[in-house]
Each structure stands twice: as C-alpha cells, then as structure tokens.
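See below for the structure under consideration.
Since every read-out is calculated from the coordinates, none of them should be taken as a lab result. Just so it is clear, the structure is predicted and the values come from calculations on it, not from any experiment. Here Cβ is always computed from backbone atoms with ideal geometry, including for glycine, and neighbour counts include all displayed protein chains.
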Amino acid sequence: MNDLSLTTLESGKATLSATAIDALGAQLRGSLLTESDAPYDEARTIWNAMIDRRPGLIVRCAGAADVVSAVRFARDNRLLVAVRGGGHNIAGSAVCDGGLMIDLSQMKSVRVDAAAQRAWVEPGATLADLDKETQAFGLAVPTGINSTTGIAGLTVGGGFGWITRKFGLTIDNLLSADVVTADGELVRASLTESPDLFWALRGGGGNFGVVTAFEFRLHKVGPEVLAGLVVHPFSDAETVLKQYREALGSAPDELTCWAVMRQAPPLPFLPAEWHGKEIVVLAMCYCGDIQAGEAATARLRAIRKPIADVVGPAPFTAWQQAFDPLLTPGARNYWKSHDFTDLSDETIQILLGAVRNLPGPECEIFVGHVGGASGRVAVDATAFPQRSSHFVMNVHARWREAASDQACIDWARGLYKATKPYAAGTAYINFMPEDETDRIEAAYGTNYQRLTEVKRRYDPLNLFRMNQNVKPKAA
Ligand SMILES: Cc1cc2nc3c(=O)[nH]c(=O)nc-3n(C[C@H](O)[C@H](O)[C@H](O)COP(=O)(O)OP(=O)(O)OC[C@H]3O[C@@H](n4cnc5c(N)ncnc54)[C@H](O)[C@@H]3O)c2cc1C
C-alpha cells in the first residue's frame, strides 16, 4: 500500500500514510480496497448510472467489528464517509468521491425465528434475500416493491410497499437495531435502549450511525397473495385515476393498489399493437384470503374496459419481484416526488399532461398509496413524518444516453413544480435526488427539530453527512 490522499469532511485533502492504512487493513476480517484492486469497481457501482464516484478507500465489511474500525478510522482522520447497503438510493449517497466508503454489501445474513416471528437481518441483505428466508416459513416484513433494493437504506428511510397498509411501514416492524455510532461505539437501539436514537433511526435516514443488524417483527403472509396488473388505454386514464381514488377510500387494509403511467413495455400478456403506447396500469395486491381478495379487488377491476387483467393468485415472493425487470440497475435515473393527502382533479390533469409528453420509453409516473396500519401510528412516534393516508407520487425519469439527461431531468422537475401547489409538503426522503438539499426540513415536517437534537447528541461532527442530511442542532 502507498500513502493516499483522501477527501476530508471539510472537502479538503489529507495524506494518510501507508503505515496507517495498512494498520486499518490488518484490523479487518473483510477487505480494504483501493482503485488498483479488482473488486473496487464492483463495490463503487450502484443502481443509478448517473452516479460515477471514486472513493479513495473502500472498507468491505465482514461484520460489526469492521464497521467499528472503519468509523473510528474515518472519525480520527476526519474523512468524508459514505455508507453502502444495497446501493439503490437515487441520490447516490452510498458512494463518495475521494473519501472512505463503508461497504456493507457482503453482510447479507438473515436469521429467522419462525416460532417467535422475528428476523435478524444484516445490512447488505436485499429485499429478495429477506423474502426468501422469511417466506420459507410463510412470514414476511413489509418492505418495498423492487426486490433488489437494500433493506438497510429502505428501513432507515421508512419503507413501504404491498403489505404496508396491513402491517405498517418497515420501521413500524423494527424492534431493535445494532448501530455503530459516530464515536465508533456499537450500541443497541430499541424502545427501551437508547430510545431517542431508535426514534431517529426509524425514518431519519443514515444520519445517526451505521446499522449492523436489524431485528424485525414478522407477519403471516401468503405463500400466495392475490396480485397482478390491470392495464388500461391512456384514453381512459382520467376516469381510471378518479375511480381508483374513490375505490381506495373504502379499501380494506389487506388491499394496496398503485397506479403507474408510462408507455407499454412489451409484456407478453399485452397485445403487440399496444407496445410503446401510453397506458395506465393499476398494480394491486391483496395479502389476505384469496377469495376475500377477489371481492375486495372487484371494484378496481370493474373500472372501464381494460386491455388486460392479469390479477390472480401468485406467490408473494414472485409478486415482490414483479417490477424488477423494469427497474434493473445500469440506467440513468432522476426522480422527483411529492406526498399528496388527496389526489385532486387538478393533480390528475397535470399528471395526464406529463404522460402526454413523456421524454422516453422508460420514463414513468408511479402513484403509490400508503395508509391503513401505517396511518394509525402517531406522527411523533417515529421520525417518519407523514402518517395520514396519502398518495406518494414518484416521477421516475429513466433513460440510457447522457445526451438525454437535460430533457429527462427537466421533465421530472417540471411535473414536480406543477404539482407542488397540491402537495402535502412532507416528502419521502428515500425518493429524493441529491440536488434536494434545501428540502430536508420541510420533508420531516414537525419531526425535524427533534432530529437535529438527536443528531447533535449522536453525531455532533456530522460524520454521517452523505445522506438526506440533518444538520446537528447548534449548541
Ligand atoms: C428501483 C427502486 C425502487 C424502490 N422502491 C421502493 C419502495 O417500493 N418502497 C420504499 O420504501 N422505497 C423504495 N425505494 C427507495 C429505497 O428505499 C431507497 O433507495 C433506499 O435508500 C435503498 O436502500 P439501499 O440500502 O439499497 O441504499 P444505499 O444506496 O446503499 O444506501 C442509501 C443510504 O442509506 C443509508 N444507509 C445504508 N445502509 C445503512 C446502514 N446500514 N445504516 C445506516 N444507514 C444506512 C446511507 O445514508 C446511504 O447513503 C426504491 C428505490 C429504487 C431504486
């Protein structure tokens, strides 16, 4: 190893001696990577191809002790730090330029206690890893809709998907977490141990430390759920969206339905003449009894005359992966998002206008619906700020060529701006791109002040700043 010049917290440079770096390497059970090592590129490559950063040093952790060594090394040398779980965050905060990257991607173990309905999960596990182990016992944790997402970043941001209305957000099922804090200590956070840290970890993002193990409560789910897509022509989109909105008003907690607008991909069940045409899709999942699901989804499936209705019994693990082929890594991506407490007629009109002007075949608008059990938790019970039943609009601009960057980003920003007057003000931090640094306080609403206080207590130096950053409250 040679001496290395690394980026500091203050964006300067510090030269670290070969001796100091070798000493760090000698402490690790995992590995220490620089750009001359073969796995370096794999470790720094993340889901969003817009992000191309080169850390000065990567600690590929094998366990909590490696995380402790990495955090202490970064703190003692005041190095810029990034923390990688599954590497999915749109903002690219898992990777830094020139600093030290703590790579947790090899820590993937999931241990299930089926009788106690508990799972212990390491931070490199993906949602697919977790589903695989829990579904072996007919159990599940509510998570997100793309199985290659990392459990770590998803959980610390909140986490919602197909069974959230029944069982709450991912964080509502978090019982405890092992955390390496900024001073390099491993602490346990739960309702009774470091409760303020536990409060902040549930929605406050990566600001408060590095989680080395999550303990989740599990629920009985599946192994089959009633799930699938109902695809409508775009000419019916206004009616579909309005009836979708009305139907959800009386939906049972078991039923979740999201609306997706985009050009039709060449899905095998869609007649070829629809491929490439604008469509509106109702994607739904009923996580209880299949027959009850047929009744509960009937109203949504009776809207107008769809091009295709492929809702039916499906293994829960398969439905959790249904969107994976459209969300593969390696494309260029830019997102904009709002929470809406209601999907107003005006908002619907703006969404439809944006779909008429899609800048590319992979660009889409997702409207997720979150509520039910997650809405029955007090706003101040966790750091996650939006507890009313609400819609989450996520504008996914997605494309392949750098030449399309501006058109796609402008489209997403334009839609965000046009719908802002109708939005709730809060936002899901896990959907925020890296340029939204001025939106964090509003995103957290009334929980922001307490977050700044917990940040001051656990990370006064703001060592963990490569995230949707909460600054420590001034003393
Ligand atoms: C295609 C796609 C679909 C998605 N769908 C959903 C969805 O349905 N529901 C949903 O809720 N979200 C969804 N998300 C958002 C997702 O929750 C975030 O991108 C999340 O940050 C991903 O976690 P990760 O571990 O993969 O991310 P990474 O990029 O590895 O990490 C993101 C940030 O999380 C923090 N972090 C990571 N690991 C740790 C740790 N061990 N301890 C503390 N902090 C840590 C760090 O600040 C890091 O910068 C989706 C994202 C994508 C790209």
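Overview of results
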| read-out | value |
| --- | --- |
| Links that overshoot a 28 Å alpha carbon limit, given the list Lys242/Lys420; Lys132/Lys166; Lys420/Lys471; Lys166/Lys417; Lys220/Lys471; Lys242/Lys336 | Lys166/Lys417; Lys220/Lys471 |
| Arg299, Arg111 arranged by Cβ crowding within 10 Å, fewest neighbours leading | Arg111, Arg299 |
| Exposed-loop-free span, longest in the chain, where GluC sites (Glu not before Pro) count as exposed if DSSP calls them loop and at most 16 other C-beta atoms lie within 10 Å | 194-400 |
| Cβ-based exposure ranking for Ser337, Ser176, Ser36, in which fewest neighbours within 10 Å come first | Ser36, Ser176, Ser337 |
| The chain, relative contact order in percent, only Cα pairs under 8 angstrom and at least six apart counted | 16 |
| Derived scalar couplings ³J(HN,Hα) [the range 130-147; Karplus, 6.51 cos²θ - 1.76 cosθ + 1.60; whole Hz; x for Gly, Pro] | 5, 4, 4, 6, 6, 5, 4, 10, x, 10, 7, 10, x, 9, x, 9, 10, 6 |
| Only Lys, Arg (+1) and Asp, Glu (-1) charged, at Cβ; the chain dipole about Cα centre in debye | 560 |
| Charge dipole magnitude, Cβ of K and R +1, D and E -1 - the range 224-437, Cα centre, debye nearest 20 | 300 |
| Inverse of mean 1/r across different Cα pairs in the chain, Kirkwood, Å | 22.8 |
| Options Ala378, Cys363, Trp399, ranked by Cα towards positive dipole end of the range 347-419, top entry (Cβ charges) | Ala378 |
| Most to least packed among 279-285, 227-233 [average Cβ atoms within 10 Å] | 279-285, 227-233 |
| Cβ-based charge dipole, the range 180-241, positive-most Cα from Gly222, Ser190, Val240 | Gly222 |
| Directionally averaged projected area (convex hull, Cα atoms, the range 205-290), nm² | 9.4 |
| Nearest 10 degrees, 0 to 90: helix 345-356 Cα axis against the chain principal axis | 80 |
| Dipole axis of the chain (+1 Lys, Arg; -1 Asp, Glu on Cβ), positive-most option in Gln27, Thr143, Cys61 | Thr143 |
| For the range 172-206 versus the range 7-60, the gap between their alpha-carbon centres in whole angstrom | 26 |
| Euclidean distance of C-alpha centroids, the range 350-379 and the range 82-149, integer Å | 24 |
| Cα-based helix-to-principal-axis angle, 290-301 vs the chain, degrees rounded to 10 | 70 |
| Mean projected area in nm² (Cα convex hull; one quarter of hull surface) for the range 3-93 | 5.9 |
| Gyration tensor (alpha-carbon) shape descriptor, the range 206-347, a/c threshold 1.5 | rounded |
| Translational D in µm²/s for the range 110-220 (Stokes-Einstein at 37 °C, 0.692 mPa s, Kirkwood Rh from C-alpha pairs) | 240 |
| Scattering profile of the range 110-153 at q = 0.17, 0.21 Å⁻¹ [log10 I(q)/I(0), Debye over alpha-carbon scatterers] | -0.40, -0.60 |
| For the range 75-84, Karplus couplings with θ = phi - 60° (6.51, -1.76, 1.60), whole Hz, Gly/Pro x | 5, 5, 9, 6, 8, 5, 10, 10, 10, 10 |
| Unit charges on C-beta of K, R, D, E only; dipole of the range 263-315, Debye | 180 |
| Which of Trp335, Trp319 has the fewest Cβ neighbours within 10 Å, and the rest in rising order | Trp335, Trp319 |
| On Cα atoms only, tilt of 18-27 relative to the major axis of the chain in degrees | 60 |
